[in-house]
């Protein structure tokens with residue numbers, strides 16, 4: 001090949017062996033080394049297998065490494081993969097991990113399986129702590145790509161290897177390959193994605209210099225979505241997944257779908273806010289210079305949303321948060337859209353549902369005295385229900401996490417004949433079982449209405465009669481048995497190797513709503529804002545989305561508990577009656 005991988009640690013392994021003749025394993029290991037160096041592979045393999053099968057000892061991982069290397073030398077790939085996978089899975093901190101990946105990369109290269117060889121090199125780049133090994137793997141991967149690969153193979157690998165470090169390296173290879181093949185515009189796409197979406201990557205500076213040298217005109221100056229999320233990448237060990245990582249994957253998938261179906265492509269400019277005010281200020285300065293940014297998706301946490309909105313208050317860019325629930329955000333910031341209904345709207349939606357759909361006009365209200373979101377929901381419910389013409393027969397508070405609600409339950413019992421239902425917005429899901437139990441002990445049999453905390457509550461099985469009369473609101477509901485959901489989940493997993501979670505759907509549906517407002521065109525910011533608040537309904541997976549001039553989503557899911565299962569009753573839109 002002219003660049004065969006020379007990365008053998010045999011000398012190093014032998015050099016570190018302690019000369020202890022009383023150590024049977026050390027002695028046997030040395031025998032195995034001698035047999036290996038004498039090309040007596042079958043005998044050596046039996047020695048290393050015996051050592052690897054012993055209880056954990058200081059030769060275990062080295063013996064496993066040699067098992068795999070001998071299997072490769074004898075062209076027994078399946079057996080080698082068993083040995084190396086044992087090393088990867090059971091001993092991920094072993095100093096021989098790099099050598100195992102290199103051995104596999106060398107084997108695949110010698111057998112003309114170039115894509116597989118590059119996968120092993122990417123795995124080494126992802127996991128190694130050695131700058132020298134990282135550099136060697138990158139150099140060999142570059143040669144393999146230029147001599148043997150094409151865009152289709154690299155696109156397949158980009159779909160398979162989704163960690164940021166692998167992704168940027170593969171994008172860089174693809175960009176360099178297209179430069180080599182005299183396709184500068186395809187190269188520009190790769191380098192631009194690195195610079196915009198992976199500013200901390202090893203490849204960023206080289207990609208930026210490559211873009212400058214290309215000096216191609218910007219053909220897509222009217223089609224960018226900005227994304228502001230905290231900690232959108234995994235941590236340095238790639239072991240932590242933040243909710244925002246899942247939200248971002250949903251956004252990226254929605255844009256990918258849009259671009260596959262439309263000639264006017266949409267780009268993403270992703271920035272990590274780090275939940276820091278100064279960082280958001282820097283992002284704002286950057287975005288102000290880009291007229292191509294038509295809307296911003298994010299942030300996701302209410303406190304950070306307020307910070308970002310204050311920083312962007314003089315900007316005319318529409319901003320949509322997939323998840324923020326704070327009250328009164330849209331009234332203070334005229335370009336902000338809240339895809340997750342506020343706490344006030346949640347109370348009002350339940351009031352309208354009970355009054356118009358359930359046709360109940362007399363309700364008791366029980367909610368925590370500590371204040372917070374549940375009190376906000378309760379007060380909004382009360383005000384709306386009374387405004388509609390309903391009556392709050394009795395209004396009671398309780399101390400969250402209290403085990404004695406006998407006083408409150410007795411008061412409800414005294415008026416039970418006048419009550420058509422009981423609305424209980426929880427502050428803590430742990431309160432649910434206590435409330436159910438004490439209502440049942442008093443023989444109270446009413447329809448229960450609640451907020452989203454009931455979805456994660458426990459104890460329904462001990463109060464089956466009351467539980468089967470539970471109806472509550474939720475900003476998400478996933479029907480895992482729905483064939484459409486299952487098909488979508490399969491497609492999403494094949495592309496991202498992630499499950500279609502609640503957080504993914506928050507990001508996906510918010511992005512799909514914004515993209516639907518483009519109508520396949522390229523509107524300016526004001527036109528897009530007008531389209532977004534026009535009342536158009538987007539039928540989402542986790543919830544529907546619809547805005548008017550108040551710019552708070554008008555939809556919530558109505559959920560009931562019935563015979564051990566949660567069921568979707570309706571995606572209810574406030575003010576539709």
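I'd like to verify a number: residues in region 495-527 that are farther than 27 Å from residue 347 by Cα and in contact (Cβ under 8 Å) with a residue 60 or more places away in the chain, how many?
Going through region 495-527, the residues farther than 27 Å from residue 347 by Cα turn out to be 495-500, 515-527.
Still in the list and also in contact (Cβ under 8 Å) with a residue 60 or more places away in the chain: 495-498, 515, 518, 520-526.
Total meeting the criteria: 13.
Tell me, which residue of region 436-464 that is in a helix (DSSP H, G or I), touching a helix residue (DSSP H, G or I) at 6+ places or on another chain (Cβ under 7 Å) and more than 12 Å from residue 409 (Cβ to Cβ) is modelled with the lowest pLDDT?
Ranking the candidates gives 462 first.
Counting the residues of region 397-428 that are surrounded by 17 or more Cβ atoms within 10 Å (Cβ to Cβ) and within 22 Å of residue 370 (Cβ to Cβ) gives 12.
Can you go through 118, 109 and tell me which one is in a helix (DSSP H, G or I) and under 20 Å from residue 171 (Cα atoms)?
On the way: 109 fails: under 20 Å from residue 171 (Cα atoms).
Result of the check over 118, 109: 118.
Looking across region 438-458, the residues that are buried (at least 16 other Cβ atoms within 10 Å of the Cβ) and either closer than 17 Å to residue 398 by Cα or out of contact with any strand residue (DSSP E or B) (no Cβ under 9 Å at 6 or more places or on another chain) (or both) come down to 438, 439, 440, 448, 449, 450, 451, 453, 454. Only one of the numbered conditions (1) modelled with pLDDT under 90; (2) closer than 24 Å to residue 489 by Cβ is not met by residue 255, and that is (1).
This table checks each residue for (1) within 19 Å of residue 323 (Cα to Cα); (2) assigned to a helix (DSSP H, G or I); (3) over 22 Å from the mean Cα position of the chain (by Cα).
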position: 486; (1), (2), (3): no, yes, no
position: 491; (1), (2), (3): no, yes, no
position: 500; (1), (2), (3): yes, no, no
position: 507; (1), (2), (3): yes, yes, no
position: 510; (1), (2), (3): yes, yes, no
position: 534; (1), (2), (3): no, no, yes
position: 542; (1), (2), (3): yes, no, no
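Cβ-Cβ contacts under 6 Å between residues 6 or more apart (or on different chains), taken from a first residue in region 370-395 that is outside the structural domain of residue 411 (by TED's automatic domain parsing) to a second residue that is assigned to a strand (DSSP E or B), are absent. Of the helices (runs of 4 or more DSSP H) lying entirely inside region 330-420, those containing at least 1 residues that are modelled with pLDDT under 95 and more than 21 Å from residue 551 (Cα to Cα) are 373-388, 406-414.
Does residue 197 count as surrounded by 20 or more Cβ atoms within 10 Å (Cβ to Cβ) and at pLDDT below 85? Explain how you work it out, then say what you get.
Details: surrounded by 20 or more Cβ atoms within 10 Å (Cβ to Cβ): yes; at pLDDT below 85: yes.
Taking the combined requirement at face value, the residue satisfies it.
The values are calculated or read from the model by the stated rules, or taken from the named source; none is laboratory data. Quick caveat, the model's predicted, so the values are computed rather than measured. Note: ideal-geometry Cβ built from the backbone for every residue, glycine included; neighbour counts use all protein chains shown.
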